[in-house]
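Here the structure comes first, spelled out in structure tokens, and everything after it is commentary.
The values are calculated or read from the model by the stated rules, or taken from the named source; none is laboratory data. Keep in mind that this is a model prediction, so the values were computed, not measured. Glycine also receives a Cβ, built like all others from the backbone with ideal geometry; neighbour counts cover every protein chain displayed. For the accessible areas, the whole protein counts, side chains as well, though only heavy atoms, and no ligand, DNA or RNA atoms are used. Shrake-Rupley method; radii C 1.70, N 1.55, O 1.52, S 1.80 Å.
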Amino acid sequence: MHNILFLPFLQIPSGHHHVADSIKNQLEQMADHFHCEKIDILSYGYGNIESFISSIYLQWIHKLPKVYSTIYRLAAVERPTLNKRFRIYEVLFIKAVKNVLQEKNPDLVICTHALPSYMIARLKKLQLWTGIAINVYTDYFINNLWGIDEIDYHFVPSKKIKDQLVEQGVNAKRIFITGIPVHPIFNMKNHMVKKERIFTALISGGNMGAGSIFQLLNRLKPGGQILYKVLCGKNDKLLHHIRSLNHPLIQPIPYISSKEKMNRLYDETDMIITKPGGVTISESLTKKLPIFVYDVLPGQEEQNLNFLKDKGLVHHLDEWTNQENFEEDILNVLHHKRQETINSIHQYLMEVELEDPISFIIDIFGR
């Protein structure tokens, strides 16, 4: 039996958890000789304080976005350095990480967040743990906090990130372009006859309660050419709000737990309107859907958007708050720029070197 430990960070339902869950579930389905466990090191080390810190984090992002953005850029993006040390994190977390490694005794650790990755790399450097470690990057850039040199394998989202790691001295044979991993079911195409004779847009991004989606819906003036389906997740307030609008062209979609159902929904969709979170974007790219970005959280999403716009993979609806009818911008892209967008998506997907990360992980134990 091989023990595999997944290390995201915080309990917020972010891309770190979605990617970890996807890989974990696939490993458990494909091989019965794996014991997989996912642990948030903050909850493990500090218990209930995690929910308090998560709440403060979300309030900081939403109430002081410019301050968060500036601090994040200075601390996590600019001036990457070799042999970096983040001593405050070591003081806070290295004991907890050591304890969880001793308790769980994993053969392999998969990090989907930068902070656990840094701790694992630090312990390996000090020769306090000698197992195998993989970084699975869940954004389209590398936060400076990620552990690099001591990590055995890197699953990166793009050639740009692979080149960056090679410049930092990582052996190219240890780096694999995977994109941001999504469940393989999203590679399947449902051959169905589209029910609606008009365009269908899938709106995402309201699960964490961000207020901008309410503003977007209140300014939305459907002209009859687009049916808008809104993914509400577990946001009951959003679900009830859309129902109260009672608009035939704005439909709420309650929480979907089934990946098969989500895949069918993608296949019935002509475009997605979302925020630049890594996993949602990656699923949309896999489905080759035109992507419209209507809102950007400070920090990670800002960096993601910079990459996505540079590659021509998304269209930024950056003026919708000042427009009477931003639907015209969407229709203009669909009528005149759709093929250009699809070509950019195809070009990005051609970069992928490792289409089956799960088989690679399984093969590690046979080497």
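Only Lys, Arg, Asp and Glu carry charge here, each on its Cβ (+1 for the first two, -1 for the last two); on that basis the chain has a dipole of about 360 debye about its Cα centre.
Let a ≥ b ≥ c be the square roots of the eigenvalues of the Cα gyration tensor of the range 89-139; is it rounded (a/c under 1.5), or, if not, prolate (a/b larger than b/c) or oblate? Cα axes put the range 89-139 in the oblate bin.
For the pair Met188 and Lys160, label points projected 7 Å from Cα toward Cβ lie 3.3 nm apart.
Exposure check, 1.4 Å probe, all protein chains in place: Thr280 carries approximately 40 Å² of accessible surface. Antiparallel beta bridges, as assigned by DSSP with both residues in the chain, represent about 0 percent of the total such bridges. Charge dipole of the range 83-215 (Cα centre as origin; +1 on each Lys and Arg Cβ, -1 on each Asp and Glu Cβ, all else neutral): 160 debye, rounded to the nearest 20. Considering only Cα atoms, the convex hull volume of the range 248-367 works out to 157 Å³ per residue.
Can you classify the range 303-348 as rounded, prolate or oblate using the Cα gyration tensor, where a ≥ b ≥ c are the square roots of its eigenvalues, rounded means a/c under 1.5, and otherwise it's prolate if a/b beats b/c and oblate if not? All intermediate terms of the calculation are to be shown ahead of the outcome.
Numbers: a/c = 4.80, a/b = 1.38, b/c = 3.48.
Because a/c hits 1.5 or more and a/b fails to exceed b/c, the range 303-348 counts as oblate.
Volume of the convex hull of the range 266-315 (Cα atoms only), normalised per residue: 61 Å³. Taking all protein chains as they are arranged and a probe of 1.4 Å, the heavy atoms of Phe6 leave approximately 0 Å² accessible to solvent.
A simple spin-label model places pseudo-atoms 7 Å from Cα toward Cβ; at Asn306 and Glu353 they are separated by 2.4 nm. Using the Cα gyration tensor of the range 222-271, with a ≥ b ≥ c the square roots of its eigenvalues, what is the shape: rounded (a/c below 1.5), prolate (a/b larger than b/c) or oblate (neither)? Oblate shape, in that a/c is at least 1.5 and b/c is the bigger or equal ratio. A 1.4 Å probe, protein heavy atoms only, puts the accessible area of Ser117 near 0 Å².
Solvent-accessible surface of protein heavy atoms, probed at 1.4 angstrom with all chains present, puts Asp152, Asp139, Asp356 in the order Asp356, Asp152, Asp139, largest first.
Just to verify a number: FRET efficiency for Arg174 and Met1, C-beta to C-beta distance, R0 = 22 Å, to 0.05? Before the final figure, lay out the partial values.
Details: r = 26 Å, r/R0 = 1.18.
Calculated transfer efficiency: 0.25.
Label point of Phe214 set 7 angstrom out along Cα-Cβ; within the range 240-284, amide nitrogens under 14 Å from it belong to 240-245.
Positive end of the dipole of the chain (Cβ unit charges, origin at the Cα centre): among Ser43, Ser244, Trp320, the Cα lying farthest that way belongs to Ser43. Distance between the pseudo-spin-label points of Leu331 and Tyr255 (7 Å out from Cα toward the beta carbon): 3.7 nm. Computed over protein heavy atoms with a 1.4 angstrom probe, the accessible surface ordering of Lys125, Lys173, largest first, is Lys173, Lys125.
Dividing the alpha-carbon radius of gyration of the chain by 2.2 N^0.38 Å (N being the number of residues), what value is obtained? Write out the running numbers ahead of the final one.
Numbers: Rg = 20.9 Å, N = 367, 2.2 N^0.38 = 20.7 Å.
With N residues counted in the chain, Rg over 2.2 N^0.38 Å equals 1.01.
Of the residues Ile120, His33, Leu5, the one whose Cα sits farthest toward the positive end of the charge dipole of the chain, with +1 on the Cβ of Lys and Arg and -1 on the Cβ of Asp and Glu, is Ile120. Per-residue accessible area (protein heavy atoms, 1.4 Å probe) orders Glu324, Glu150, Glu90 as Glu324, Glu150, Glu90, starting from the largest. The charge dipole of the range 241-367, taken about the Cα centre with unit charges on the Cβ atoms of Lys, Arg (+1) and Asp, Glu (-1), comes to about 380 debye, rounded to the nearest 20.
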